[in-house]
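Have a look at the structure below before the remarks.
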Amino acid sequence: MKINGIAYRSVWRDQAGSAVRIFDQTRLPWAVEELRLSRWEDCAEAIRSMRVRGAPLIGAVAAYGVALAMEADAGTLDPVLEALNATRPTAINLRWALDRQRSRLHNLPPAQRAAAAWAEADAIADDDAETCRRIGENGLPLLAEIAARKGRVQVLTHCNAGWLATVDWGTALAPIYMAHDTGLDVHVWVDETRPRNQGAALTAFELGAHGVKHTVVADNAGGHLMQHGEVDIVLVGTDRVTRQGDVANKIGTYLKALAAHDNGVPFWVALPHSTLDMRVRDGVAEIPIEERGAAEVTEMTGRTADGRIETVRVVADGSGAANPAFDVTPARLVTGLVTERGRCAANEAALLAMYPEKA
Ligand code: MRU
């Protein structure tokens, strides 16, 4: 996708040697800064501190981390896989990418591991970009149908499921980019997505850079907008979809699904194959939910009028805070899933028909 007319991916190989580059997403939207990651520990730190985030992107960066590790010391495969897997718990794409590296590398002699790991990481990144492009194609008819009926389409999205969360295109935002590019009148309500503000900072940045009409709203505004007919469809990404179609995504997604259900607004979830976890059935009971630091809730970071980036406390002194980073939307609240293979219902039979090889 493009920034100022220049096409980027969100992770790419450094031309100047064994390293990859990312955008430091903790600096967006105030500064577009590239970061060079030349050691596997840099990749782990970037994932843990959310310089890169979004389920598919953390998988791709972890895969590149394995390549960097194999180049430094091909004997470290198992501990490196374990350390990278421990960086974030909820998105299954991380384990999926590391499992791919494990199967590709573990039977190879150490001397062959680095080249194979780079090739596998490139394949994972290319696969994600193409997968997300197809998700865009398969989600576009949902938006085109509404636009044909109403003249325009109003989408509500939560968190950031755009190209910054994947290698390219995004998941939930891919159909929106395609709708915009084909000339549909599309407007996006962007949930700010406290506590880390991925919506206000990242989704708004992406949509703005691409020229897509959007409005940032407080997280609590969605229900009101739906009651007043201002939302035609909710479209979100996901960090893990279970065998029975439960959907883990950024905290607050469940509340949007409840409001959508109450107001008869379709609630669609976009996912690549790498987000499907057939080993898990009941998402509420079984998906590990990341608990992040209280400071993300008690503090906010922003730009002052004179251009300084500052962090301020917004919670009363002495009050503690809890910070569950994801929630699970039960399948019964999900209208349908958009995948790279097409659209399907959120249930086991439909998922098995879509992905028979994962049975
Ligand atoms: O904590 P984050 O920013 O990594 O959470 C990201 C999300 O919840 C996204 O909605 C999800 O990964 C889908 S990305 C295509």
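The values are calculated or read from the model by the stated rules, or taken from the named source; none is laboratory data. From a predicted model like this one, the values you see are computed outputs, not experimental measurements. So basically every Cβ, Gly included, is an ideal-geometry build from the backbone, and we count neighbours across all protein chains shown. What goes into the accessible areas is simple: the full protein's heavy atoms, side chains included, and nothing from ligands, DNA or RNA. Shrake-Rupley method; radii C 1.70, N 1.55, O 1.52, S 1.80 Å.
General remarks:
- Once all protein chains are placed together, Tyr254 keeps about 80 Å² accessible to a 1.4 angstrom probe.
- Potential extension, Glu299-Ser18 segment - 0.36 nm per residue separation minus Cα distance: 97.5 nm
- Antiparallel DSSP beta bridges within the chain, as percent of all bridges there, nearest 5: 55
- Nearest-0.05 FRET efficiency for Val32 and Asn107, computed from C-beta distance (R0 30 Å): 0.15
- Each Lys or Arg adds one and each Asp or Glu subtracts one; over the other residues with Cβ under 14 Å from the Cβ of Arg303, this totals 0.
- Karplus-based coupling profile of the stretch 202-213, in residue order and whole Hz: 9, 5, 4, 4, 4, 5, x, 5, 9, x, 8, 5, with θ = phi - 60° in 6.51 cos²θ - 1.76 cosθ + 1.60 and x standing for Gly or Pro.
- Selection from Gly162, Pro110, Met70 lying farthest towards where the dipole of the chain points positive, charges on Cβ: Gly162
- Each Cα pair of the chain feeds into the Kirkwood radius, which the Stokes-Einstein equation turns, at 20 °C and 1.002 mPa s, into a diffusion coefficient of 104 µm²/s.
- Maximal additional length on extending the Lys213-Ala86 stretch stands at 41.9 nm, based on 0.36 nm per residue less the C-alpha distance.
- Derived scalar couplings between HN and Hα for the stretch 324-336 equal x, 8, 9, 9, 10, 9, x, 4, 5, 9, 9, 5, x Hz in order, rounded to whole Hz, by the Karplus curve 6.51 cos²θ - 1.76 cosθ + 1.60 (θ = phi - 60°), x for Gly and Pro.
- Positive-end extreme of charge dipole, the stretch 136-358 - chosen from Thr238, Leu351, Gly208 (charges on Cβ): Leu351
- Lys/Arg +1, Asp/Glu -1 at C-beta; the chain dipole; positive extreme among Ala125, His273, Ile22: His273
- Gyration tensor verdict on the stretch 190-270 (Cα atoms; rounded if a/c is under 1.5, prolate if a/b is larger than b/c, oblate otherwise): oblate
- Per-residue surface analysis assigns His210 an accessible area of about 50 Å², computed on protein heavy atoms at 1.4 Å probe radius.
- Amide H contacts under 5 Å for Leu276, placed H, 5+ residues apart: Val241
- Binned Cα-Cα distance frequencies in the stretch 2-127 - 10 Å width, integer %: 14, 48, 30, 7, 1
- Phi-based couplings in Hz for the stretch 158-166 (Karplus 6.51, -1.76, 1.60; Gly and Pro marked x): 10, 6, 10, 10, x, 5, 5, 9, 10
- Longest to shortest principal axis, alpha-carbon extents of the stretch 25-86, angstrom: 41, 20, 15
- Charge tally in the Cβ shell below 12 Å around Ala69, where Lys, Arg are +1 and Asp, Glu are -1, Ala69 excluded: -4
- Close amide H contacts of Asp246 (hydrogens built in the peptide plane, cut-off under 5 Å, sequence separation of 5 or more or a different chain): Gly283, Ala331.
- For the chain, hydrophobic long helices are taken as DSSP H runs at least 20 Å long by C-alpha position along their axis with mean Kyte-Doolittle hydropathy of 0.0 or more; these are 55-72.
- Taking every DSSP beta bridge that has both ends in the stretch 186-307, the antiparallel portion is near 15%.
- Local net charge near Glu33, Cβ-Cβ under 14 Å (Lys/Arg +1, Asp/Glu -1): +2
- Accessible-area composition of the chain, carbon plus sulfur, in percent [1.4 Å probe]: 50
- Total charge dipole magnitude, the chain, about the Cα centre, Cβ charges on Lys, Arg, Asp, Glu only, Debye to nearest 20: 340
- Taking the centroid of alpha carbons for each part, the stretch 212-246 and the stretch 252-270 are 6 Å apart.
- The stretch 315-337 and the stretch 31-95 have their alpha-carbon centroids 25 Å apart.
- Entries in Lys150/Lys250; Lys2/Lys358; Lys256/Lys358; Lys213/Lys256 that, when Cα-Cα distance is taken, lie over 24 Å: Lys150/Lys250; Lys2/Lys358; Lys256/Lys358
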